Each structure stands twice: as C-alpha cells, then as structure tokens.
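The values are calculated or read from the model by the stated rules, or taken from the named source; none is laboratory data. Given the structure is predicted, the values throughout are model-derived calculations rather than measurements. All Cβ positions, even for glycine, are placed from backbone atoms using ideal geometry, and neighbour counts span all protein chains on display.
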Amino acid sequence: MRVSPFPLFVALYWVLAMIPGAARAAPDCRAPAAVCEERSSGSLPLVERGVPIAILVDDGDFMAVRHAADALRADLSAVAGQAPGSPARADDTAIIAGTLGKSDRIDRIVREHGIDTTGVAGNWEAYLLQVVQQPEPGIDRALLVIGADRRGTAFGLYEISRRIGVSPWTWWADVPPPQRAMLHVAPGRFVDAPKVKYRGIFINDEEPALGGWSRETFGGTNHRFYERVFQLILRHKANYLWPAMWQPRAFYDDDPRNAELADEYGVVVATSHHEPMMRAHDEWSRYGKGPWDYTRNADTLQRFWRGGIERLQDREAVVTLGMRGDGDEAMTEGTATALLERIVADQRAIISEVTGKPAEDTPQVWALYKEVQDYYDAGMRVPDDVTLLFADDNWGNIRRLPEPGSQRPGGYGVYYHFDYVGGPRNYKWLNTTQVERAWEQMRLAWAHGVERLWIVNVGDIKPMELPISAFLDQAWDPDAADLDWITRYPAAWAAEQFGDAHALEIGGIVTRYTQYNARRKPELLDAETWSLLHDGEADRVIADWDTLEARTLALAKRLPARQRDAFVQLVEYPVLASANLNRLYVAVARNRLYAAQGRASANRWADEAKRLFDRDAQLQRVYERDIAGGKWIHMMSQVRIGYTHWQQPERNILPALANVDVPERGVTGVAVEGDARRWPQPAQSPRLPVLDPVGAPTRELVVFNGGTEKVGFTAKSSQPWLRVSPAQGEVEDAQALGLEVDWSELPEGAHEAVVAIRGSDRTEVYVQVPVRKPPSHRAARGFVEGDGVVAIEAARHARAIAPAGGEWQTIPNLGRTLSGVTAWPATGDALTPGGDGARLEYPLVMNEAGEVEVRVVLSPTLDLRNRGGLRYAVSIGDETPQVVTMRLDPTPGDRDFKAWETAMVRSVHVAVSRHRVAAGANTLKLWPVDPGLVFQRIEVTRQPRMRGTLGPVESRQR
C-alpha cells in the first residue's frame, strides 16, 4: 500500500513515544492510532467526504473532558472545511471518550469487551487510543479515548487534534489547520503518559505587551483571557500555570470565574516563587495591613495566608511555601534560617487546619530562587513531602541540582526563564533562548532526578512559541528527547505549523535567528557591540542578518496566503525586526566613528539610523495591525531600543547621533584597520596590523572625503612586492584600497613597506605596512596559526576519547558560532585529567616556539552541585594538564558575581590558561574534569589584542 503524502505532523507521534515535535520518519499508516489521508486495513474514518466523525462523551464525565471534546469537534470541522458547529456524520462510527471510574459508558465498554487498560489505570494523566469493533449497540466501530483521570482523557482528545494537523498554536499564532476531505485512524492500541508530573508556564513581566493586548481584546486578564491560556497549555499536554501577577493583577481576586474555569479545564493553578499560600503579590496591597514582615506582623500574615487556602475550596493546586521580601526581593539581609523554618512550619499548620487533612496531603513547593538558595546551601530543609523547586539564574543556566539518585517523596522541580526583568539587563521583546540550550539544561535536570515540576517563565507568551513548545514537549517524555530529537526539533515544529514542504527551511531560519539573537540579546545591543575596527565583525554580523532576511522574504513569497498571518508572527517579524535592530546599532556606530574622523558620510549614516529606527515601528505596525485583522494589537510593544542600564527606558529611544559641518571643498582623510583615529595626525604615522598569508592576507585601508566636492588621491607602495589598488582616483565618499602582497617574492620573516597617500588638497599620509611571512612547516597538519592566533570550533576535534561508559556529543547550533560539545552522561564523578583519559584533541601548526594564551569559550554552565566551580584542563604536547576552574555566581556581592554578569552579557564564559608551544606541529588536548561543561570554541593567541565581540574567525586547516 502506498504511504499517504499527508504531512508528517498529521500522521504524528508514533515514532518516539508520541512526543509532539519529535524527530519523525515517514508516516507509517499502519502504526497504532496513526492518522493518514488514505485508508489502511482496519482503519476508521475520522473525516469522510468532508464530514467529520461524531464524538461521544458522557454528560457525567469531567468538564475537562467535555471541553476537550468540544475542541476536537471544532478541530475536525476546521480540517474537514466545515463551519464551526456543523453536524457530524450520522453513521455507525464514533469517537467515544471517557475517564475510567467516571464514565459509565467507558467502564461498561472496558468491562464487556475486555479492553486492556494496562499502563493507563492508576497512572497519572495516562490515556489509551484504540479502535474497537461494536463497542455498544448502534456503533459498529469506534476510536476509544480512555483516560486514567480527567486530564488523561483530555490529553487523548487533544492528541487526536495534533494528529489531524491542528497545531497547539492554532489560535495563539493563527496557524491554519490543513484542509482534508478524508482522514483515517489506524487500528491498534496506543498508550501514553507523562514522565514529569507538573509541566507548565509562568506568565510574567507582561506589561506593556500582553497587558495592553489583553485589555484591548478581553477587557483584562479575566476568565475570557485565561480560557485561551488554558487551551494553549492543554493542547501542549501540559497541566500547570503560574498566572500573570504584575501589579495590579491577582488571578483569584480579579475575576472569580478564573479559578472556576481553571478547575473546569483541569489546569493546576499555583502562585509564583514569591507568592506564598495561593495569594497573589498584589493582594497584600489590597487586603494586608502593616508591614510584610513576619517578625513584626505574623498574626496578620497568617490570617492573610489562611484566606488563600480557604479560597481554594478543594480545587487542585500546588501551594508555594516560604516567604520573600515585598516586591520580589530578599526577605532580610543575611540568611535568617530559623525565621524561614518557623514560617514554613506555620504555613503547613494553616494548610492542615483549613483542609482538615495532614499537610502532606496537599502538594507544596519551596522555591529555591535567588537568595532562598542560600538558605538551602546553609543547610535549611523542609519536610520531605515538599517539592524542592530549584531555579536557573534568570538567564537560562540552572544554579543547583540534587545529587543524582537522591530521593524525596515531594520530588524536585526546576523554575526556568525565557524572559526576565533584572540585571544585567531586561530581556522581554523577542525569543533569545536557543531551544538547544534549554534542552541541554533541562536534560541535566532530568538526569539529576528532577521529575516532579518543570515551570518556565514565558513573559508575554508571544513571541516565545518555539521554546514553549520545545520545553513542554521535552517535559512530556524527557527520556525520548535525546540528541537526535533536539537536532530535528525546529524542522519538526515548523512542519506542525506550516506543513512539510518548507519545514526544513523554516526550521533553519528560526534556528539561525535565535542563535543570532542569543549572541547578544537585543536589549543588550548598543553601538559598541559589533566592532567596526577588528576582524570585519560588524560587516560579518550584518551579512549574516542580510542573508537570513533574504531567505525569509524569498520563502514568504512561496507560502500560501492562508499561512501569511502565522508566518509573520513565527518567522518573518522576528527575523526582520532583529535584522533591522542590528543594522540600526551598526549605523549609529558608523555615524559616531565617522563623525569623530570628520567624514562627510557621518551625516548620511545619521539619516540611515533614523530610517531604521522608523522602520522598527513600521514592522511593529505590520505585526499588530496589518495581519490577523489587527488581533495582536500592543503585543510587540516591549521596549527594545535605547537601554542604558538594567531597567528599560519608558519608550524606544533613538541612540544619540553626531552631525558634522561639512565644508564645500574636498578634504582627504585616511582610516586604517584597528585604529579609530583620522589620519593625518600631527607628528605621527598610522600603522596597519601585521599582514600574513594565512590569517590576514589583506587589511582595510580607506581614503575618505571630509568635504562636499570630490577629492583626488594617489597611493604608492615603497616596495615592489606590495601592490596598492587603485593607485589613484577621485573620492566622493570613501574608497577602500586593496593591498596585495606577492608572497613568492618574500623570504620568511618580518618585512615592512610604506604606502604613501597624497590628496589633491595636498594632504599626505604615510601608512606603515608590516608584513610577516611565517615558516612553512609544510609537513605539519592541523589548524594553522595566522595573524598570531589559532581559532577552532570545539566540534572540529581530530580525536575524541570518551569517558568510560559515556560519549562526546555535539549539540548542533548551540552557542554563538557553530555548536557545543559536551561529555554525556553528566552525572558522574569528576575525572582526573591526563594519561589516556577522556579528552578532545586538536592539531595546531604554530609559526614559532613560545608562550601562548589558550582561551576556551564555554557555555556559562553553573556549579550545579556546589563544589567550588566547574573544572576542565588544557595541555599542549606532553605537558601536565593545567586545571582551569570556571567560577560564576549570580549572587550580587559574591566574588564571582562580576564574572557571571560578564558571561550573561556575552552569552559565554571565556576561561584562560597559559602554555608553551613548539614551532610547527602541536597537539592541544582539552580534558573534562567536572560533568556538565559545554565547550564552544578554542582560541590560541600569541599576544592578547583587541578583537570583536565574537572573537577571530575560525582558522584555516591543512
């Protein structure tokens, strides 16, 4: 039988434990519960001749199941091309859904037909999909959806929605369902259940974007808004929410229907890390009296917290324990362990008194966020039934994890961030989280036993669509989310939104735009970020964005019109707006540099910066007003231009620009690479950095005009082996001079020439041009030194010796330049470097013997097990490995806080050691010591000198 050409995201999830977005092979329409266009043996039609199948649910089943059934009915109608509410097929087939022990119909079918519920009954949120014959009178065949509990049944129904091609983002990103006249579900038994118990999102930092949008769309963050949030969560087969809490928001207090509807849908609502006892932060300003201080106001606080537990009314929840200061701050100076232990004990007593049950019967969590981790590190403990919620550093690097294999009844969780307000800089506008990094960190968490709770701060929800999906999909079954899974994920996610035809291209675009934004978050960009003077960095960065934008716009022309709204939101706007922002700051940088040099073109670059600033607003208008009927008004209003410290300005601010008074006459000026000055300078001559045939065969030398009229020039070399082109001409704006060395005419060693530049205005500049021809070392093989440096991507190792029982893994796209390399698994003991131990080897070809600096660029992984920093070692040749410790600490005032802050700005940590090399062939060995390190690149340099933000380009290999 021919396999259906129906898109991969329709014949879904039978490959890897039904994980949405998993790496998929071509669909096998015979796999249990696979959905395809074509009929297979024993399959059941879900859509036939454009009419969907009926869905049957008992009226007495949970509301969560009935809501999910309604959603599936609407999805089937949309896929079939019918209007919402159109009648289903009136035949002898149906989808019959229900919860064990709650649905009389399902219980009867299970009993009478001997349905095997192994793996479902008694398992948290488990469900079964199975086609059965004659389940009841009048029904010849049916697809059973059997859940162990209310969410299990709902997840089974939402899973069918994804299998028929309806994206979880169908409403939140206007992703249109595919149109299909025929759909069939294959026979067979499929069982699925999550491995992480609580999986969810935290809406936070939601002004002015989501706040403005929700007010415009729903009248605020009321139940109409939250109904859409609940649907998004459940369509991802997640179950947990920390609701929006920026003042003046309070989920329970603002709209009583919020909590009621959450219970109807089956979403577990909790409160954030600094909102104990189910009370929103803003409720204290509404109802609290006196100070938020337990040493002075314990009785009032206890009454306040009691009200939070009483309001639950037996609804499902996870109660946050502990106490932080008012306004997401530390509670006290120092670590008041005894006080916090007393607070937790009193809170548990309140829970027990209000519920009439032992405290341990109510799920609780203690969030080890920021300074609260200090209490844990100092030895404070809470009862074993309480979940310990570890946290990242707000920048996507987990701070602490439990020892592998440790057990506690309450289990462990992780609170992660895709969005943050705080130092060293807010980041809220666009997605800057690489899914590869979030996956790598959460994989570490899973390997260390974090199985109870995964919660992520998603800011405004949009535009974090890709990382939200990846995070929640990984949480469903972390074991199946292996390296191959994350490698394929962006394209698989793109297929789910746009179909197969362009999935690889779209996956590549969203991967690249996220990587580029992760190199330096947009809010951290300024005119100094990308160097105009070193390594051609600014030009290389803008070329990257130009290429990506061209790919995006070319693809947009090939997509069907019905996908336009989704494409703008998920792909086009993030790429075009990010590219525009980088161009803006480079334009500002050119304006300032050229004004300081007296170039006439400085004013033109000021105009270009203003144009790009205006274009940012134009792109925002497209997103907010021109697509989806203006549905997303205000949603891209987070400030992103003009930051000068951690907190945002009130609005986007065009950076300061310089203006030059341009004379009528032409004025000759010269600029040389690596030097911001204008030449000529009194009693000085400019000097170019050294030219060499490997790393710097040419350098930038520019003749520019400081006036309005054209100015003539001549350029002449003092040596026959150095040719300058053009040798003469007229300059209206600027003219780059090409320097070509005839290396065959030069012996090995150092040489020097002078380029004499004379302007028609009688300006004279004599540029010293140092040239070095290194020894050939023809027999040596490896990465060749050039311009005094060898730069190597970590993945380009010549030899990889894995740790015992482990392997080296290359995580594609992770990091600023190419990828990340890590030893896996990362739960073992520290390794001893040396001998035939685990290592990566890199062959080097060095020009001469001497001392070098080895700069290892790593992902900024933190000391997960609190052992004094993460270590690796470096050796060159036969030397004893030199151990280097990476110490980063996000605690203000800590000795390693500055290093952490620098790493967050740069998105990497650069560790340095010094070594000696021989002339010619060398072998650099990189030794892992502590688990969890991710290596991105290695730079071996003779003399530290000014470089761009991203470092030198990768060296040539022979």
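Looking only at the range 831-856, which residues are of a type in the set (A, V, I, L, M, F, W, C) and over 30 Å from G449 (Cβ atoms)?
L844, V845, M846, A849, V852, V854
Residue check: is E572 in contact with a strand residue (DSSP E or B) (Cβ under 8 Å, 6 or more places away or on another chain), buried (at least 23 other Cβ atoms within 10 Å of the Cβ) and part of a helix (DSSP H, G or I)?
Working: in contact with a strand residue (DSSP E or B) (Cβ under 8 Å, 6 or more places away or on another chain): no; buried (at least 23 other Cβ atoms within 10 Å of the Cβ): yes; part of a helix (DSSP H, G or I): yes.
So E572 fails the test.
Out of all the residues in the range 780-789, is one or more in contact with a Lys or Arg (Cβ under 6 Å, 6 or more places away or on another chain), assigned to a loop (DSSP other than H, G, I, E, B) and surrounded by 19 or more Cβ atoms within 10 Å (Cβ to Cβ)?
Yes; the residues of the range 780-789 include at least one that is in contact with a Lys or Arg (Cβ under 6 Å, 6 or more places away or on another chain), assigned to a loop (DSSP other than H, G, I, E, B) and surrounded by 19 or more Cβ atoms within 10 Å (Cβ to Cβ).
Evaluate the following for L389: is it out of contact with any helix residue (DSSP H, G or I) (no Cβ under 7 Å at 6 or more places or on another chain), assigned by TED's automatic domain parsing to the domain that holds E310 and assigned to a strand (DSSP E or B)? Show your work before the answer.
Values: out of contact with any helix residue (DSSP H, G or I) (no Cβ under 7 Å at 6 or more places or on another chain): yes; assigned by TED's automatic domain parsing to the domain that holds E310: yes; assigned to a strand (DSSP E or B): yes.
Yes.
Restricting attention to the range 443-470, and to residues there that are in contact with a strand residue (DSSP E or B) (Cβ under 7 Å, 6 or more places away or on another chain) and without any contact (Cβ under 8 Å) to a residue 60 or more places away in the chain, which single residue is farthest from S637 (Cα to Cα)?
G449
I need a count of the residues in the range 548-564 that are closer than 14 Å to A503 by Cβ and among the aliphatic types (A, V, I, L, M).
2
Please find, among V110, V79, V120, the residue that is in contact with a Leu (Cβ under 8 Å, 6 or more places away or on another chain), closer than 14 Å to I55 by Cβ and not charged (D, E, K, R).
Sole residue among the options that is in contact with a Leu (Cβ under 8 Å, 6 or more places away or on another chain), closer than 14 Å to I55 by Cβ and not charged (D, E, K, R): V79.
In this structure, does E807 turn out to be out of contact with any Lys or Arg (no Cβ under 8 Å at 6 or more places or on another chain), over 30 Å from V670 (Cβ atoms) and of a type in the set (D, E, K, R)?
yes
With the requirement that a residue be assigned to a helix (DSSP H, G or I) and out of contact with any strand residue (DSSP E or B) (no Cβ under 9 Å at 6 or more places or on another chain), what does the range 98-129 give you? Reasoning before the result, please.
First pass over the range 98-129, keeping only residues assigned to a helix (DSSP H, G or I): 104-113.
Listed by number, the list holds a single entry, R111.
Please go through the range 610-653 and give me each residue that is on the phi > 0 side of the Ramachandran plot and part of a loop (DSSP other than H, G, I, E, B), ordered by number. Don't jump to the end; show me each part of the working.
The initial filter retains those residues of the range 610-653 that are on the phi > 0 side of the Ramachandran plot, namely 628-630, 634, 642.
Scanning the range 610-653 gives H634, G642.
From R592, R599, grab the single residue that is in a loop (DSSP other than H, G, I, E, B), within 30 Å of V660 (Cα to Cα) and basic (K, R).
Numbers: R592 fails: in a loop (DSSP other than H, G, I, E, B).
None of the others qualify; the one that does is R599.
Name every residue in the range 618-666 that is of a type in the set (A, V, I, L, M, F, W, C) and either free of Cβ contacts under 8 Å to residues at least 40 places away in the same chain or exposed (fewer than 15 other Cβ atoms within 10 Å of the Cβ) (or both), in order of residue number.
W646, I653, A656
Filter the range 699-757 for residues that are farther than 27 Å from Y594 by Cα, assigned to a strand (DSSP E or B) and of a type in the set (D, E) and give the result.
Selection gives E752 alone.
Residue by residue through the range 155-183, note down the ones that are closer than 20 Å to T99 by Cα, in contact with a Phe, Trp or Tyr (Cβ under 9 Å, 6 or more places away or on another chain) and either among the aliphatic types (A, V, I, L, M) or part of a loop (DSSP other than H, G, I, E, B) (or both).
Scanning the range 155-183 gives a single hit, L157.
Sort out which residues of the range 895-936 are among the small types (G, A, S) and in a strand (DSSP E or B), and write them in order of number.
Applying the first criterion (among the small types (G, A, S)) to the range 895-936 yields 899, 903, 907, 911, 913, 918-921, 932.
A911, S913, G920, A921, listed by residue number.
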